[in-house]
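Notes follow the structure.
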Amino acid sequence: LGPHIRHLWPVAAPRTGRVEQALPAPFEGTVPTKPYEFFDDFDKAELGPEWNFRRVPKPGTFSLSARSGFLRLYAKPEVIKERVACSLMGVRQRESDFEYSVRMELSAGAGPAVDAGISLFQKDDRYINWTLSR
């Protein structure tokens, strides 16, 4: 790796100081792992470790038992930009080039207006929403 350079932790790419699209394997003779794939049919009693929440979820935010084989995420009045525990859960994006698919049902109800959908976000004030409204 050349001469020893002292960096404050963490350093993603010590040669360039930038986040690179690709880097060589860290140890000679190793090979990259297979591409990351994730699928969940929500048939277990608990969420797998791939799932995460933006904040610690309030009780009653989601259910895996309300409908077998489905994740039910309950609407809350809080939204992402308010830095609160909104009804948002996700999977960490591991690559910049990726595909995903999702099947969603938004129940018609007599309650207040609700938006539901998919968000791609970086921070509380940097995100894109694709939503359905009722």
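The values are calculated or read from the model by the stated rules, or taken from the named source; none is laboratory data. These numbers were taken from a predicted model, which means no experiment stands behind them. For neighbour counting, all protein chains shown are included, and Cβ atoms are generated from backbone atoms with ideal geometry for every residue, glycine included. Surface areas here come from the heavy atoms of the whole protein model, side chains and all, with no ligands, DNA or RNA. Shrake-Rupley method; radii C 1.70, N 1.55, O 1.52, S 1.80 Å.
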*Sort out which residues of the stretch 104-127 are open to solvent by 90 Å² or more (accessible area, probe 1.4 Å), more than 24 Å from residue 20 (Cβ to Cβ) and within 16 Å of the chain's Cα centre (by Cα), and write them in order of number.*
125
*asked:* What's the number of the only condition in (1) among the charged types (D, E, K, R); (2) touching a residue at least 12 places away in the same chain (Cβ under 8 Å); (3) in a loop (DSSP other than H, G, I, E, B); (4) closer than 23 Å to residue 132 by Cβ that residue 78 fails to meet?
replied: (2)
*Would it be correct to say that residue 29 is at positive phi and open to solvent by less than 70 Å² (accessible area, probe 1.4 Å)?*
no
*Could you list, in sequence order, the residues of the stretch 58-69 that are in a loop (DSSP other than H, G, I, E, B), open to solvent by less than 60 Å² (accessible area, probe 1.4 Å) and of a type outside the set (Val, Ile, Thr)?*
60, 64, 66, 69
*Residues that are over 18 Å from residue 48 (Cβ atoms), touching a residue at least 40 places away in the same chain (Cβ under 8 Å), part of a loop (DSSP other than H, G, I, E, B) and charged (D, E, K, R), drawn from the stretch 81-119*: 83, 95
*What number of residues in the stretch 70-103 are in contact with an Asp or Glu (Cβ under 7 Å, 6 or more places away or on another chain) and either open to solvent by less than 80 Å² (accessible area, probe 1.4 Å) or under 14 Å from residue 120 (Cβ atoms) (or both)?*
5
